[in-house]
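The values are calculated or read from the model by the stated rules, or taken from the named source; none is laboratory data. Model, not experiment: these values are computed from the prediction. With ideal geometry, Cβ positions are generated from the backbone for all residues, glycine too; neighbour counts draw on all protein chains shown.
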Amino acid sequence: MNKINQTQAINLTAILTEDHKNLRLDKALAIVFSQFSREKIQQWIHQGVVLVNSAAIHNIRYKVRGTEAIEINTALDVIREDEGEAIALDIIYEDDDIFIINKPAGLVVHPGAGNIQGTLLNGLLHHAPQLRLLPRAGIVHRLDKNTSGLMVVAKTLEAYTSLVRSLSLHEVERTYYALVKGEMISGGTVDKPMARHPHKRTLMAIVEGGKPAVTHYRVQEKFKGHSLLRVTLETGRTHQIRVHLSSIGHAVVGDKLYGWRHQMPRGGQSEVSTATLALTRHLLHAKALGFLHPRTQQPLVFEVDLPEIFTEIIKMMRAI
């Protein structure tokens, strides 16, 4: 079944007060309509759907007097309920506001070209049809198809807005484990801007003038010819860990898009060599996730084990 976007009309009204006097319009509205992100409010202002005393204002820096009547008439993207599919989901936590999902490698997060069905979004809509009323069905961040591990999904608009804001402020702690080629001596930081590859538009690359991207890594364990890294992010660019680690000569094992190449060991094929050659995924796993609960503001931390193929190859490497 093809993906069909629908929209949900929303109408918001408010009267600004002295507390908002001399604030920028976008900041004042972010306070009044706190269930929406400031980025979303800025988007609405630029679109001309924000009325101040019945007149459309397009300038987010407009200074308010503190007495204006505000009206916003717009719509939110929603997903048709009948996109839901009975896809098995590894839900490790669920309450009235959020899901925590352990995504397997091979599962695409959003429908797109070549992946109209069988995605995490389809599975979520089957499990909780009310998610069709949320942007992106509540998905606030993503993992690459062949990256496994933890994701948080919102169940309400308030939770969605709060989590998006937390991600933009770098308040969500995401910890990944990556098995990489090369014997690394110590940890470090990669601070290199990223953008679309100038010639291969489906790939990302280190590009001068691109968006800031910062990745921290620490060596967890060393093997012959390989290293296991603990990786944390300051930013969340597409393919960031894979591109950054490849840029310093330590591509993620199995990541053929960004520089990993199978090398025959001296003396012929080994057990490790055979196992890595047979990989259908790269060995990158979102192992831990920490953030403040969007409603209660209580700290939450979740952690999952490495997938079986990951641990099997590590065992082989320890035995060399």
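Just a few scattered comments:
- Selection count where residues are within 13 Å of HIS282 (Cβ to Cβ) and among the basic types (Lys, Arg), scope segment 217-247: 1
- Note on segment 222-258: among residues that are touching a Lys or Arg at 6+ places or on another chain (Cβ under 8 Å) and charged (D, E, K, R), the one that is nearest to ILE314 (Cα to Cα) is ARG230.
- Of all residues in segment 146-158, those satisfying the criterion of being assigned to a loop (DSSP other than H, G, I, E, B) and over 12 Å from the mean Cα position of the chain (by Cα) are ASN146, LYS155, THR156.
- On the stretch given as segment 210-225, residues that are outside any strand (DSSP E or B) and either buried (at least 19 other Cβ atoms within 10 Å of the Cβ) or without any contact (Cβ under 8 Å) to a residue 12 or more places away in the chain (or both) total 1.
- Residue within segment 189-209 that is modelled with pLDDT of 90 or more, outside the structural domain of THR280 (by TED's automatic domain parsing) and touching a Lys or Arg at 6+ places or on another chain (Cβ under 6 Å) present: no
Results for (1) surrounded by 15 or more Cβ atoms within 10 Å (Cβ to Cβ); (2) at pLDDT 95 or above; (3) on the phi < 0 side of the Ramachandran plot; (4) outside any helix (DSSP H, G or I), shown as yes or no for each residue.
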site	(1), (2), (3), (4)
TYR160	yes, no, yes, no
SER166	yes, no, yes, no
SER227	yes, yes, yes, yes
THR232	yes, yes, yes, yes
ARG237	yes, no, yes, yes
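- Selection from segment 26-45 of residues that are in a helix (DSSP H, G or I) and of a type in the set (S, T, N, Q): GLN42, GLN43
- Checking every residue in segment 108-126 against the condition of being of a type in the set (A, V, I, L, M, F, W, C), within 20 Å of ARG165 (Cβ to Cβ) and surrounded by fewer than 19 Cβ atoms within 10 Å (Cβ to Cβ) gives zero matches.
Conditions (1) of a type in the set (A, V, I, L, M, F, W, C); (2) in contact with a Gly (Cβ under 9 Å, 6 or more places away or on another chain), marked per residue:
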residue	(1), (2)
ILE87	yes, yes
ILE91	yes, no
GLU94	no, no
ILE100	yes, no
GLY123	no, yes
HIS127	no, yes
LEU131	yes, yes
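- Search result, residues across segment 179-209 that are surrounded by 16 or more Cβ atoms within 10 Å (Cβ to Cβ) and in contact (Cβ under 8 Å) with a residue 24 or more places away in the chain: LEU179, VAL180, LYS181, MET184, VAL190, LYS192, MET194, MET204, ALA205, ILE206
- Filter result for ALA154 (surrounded by 15 or more Cβ atoms within 10 Å (Cβ to Cβ), modelled with pLDDT of 95 or more, closer than 21 Å to LYS256 by Cα and not hydroxyl-bearing (Ser, Thr, Tyr)): no
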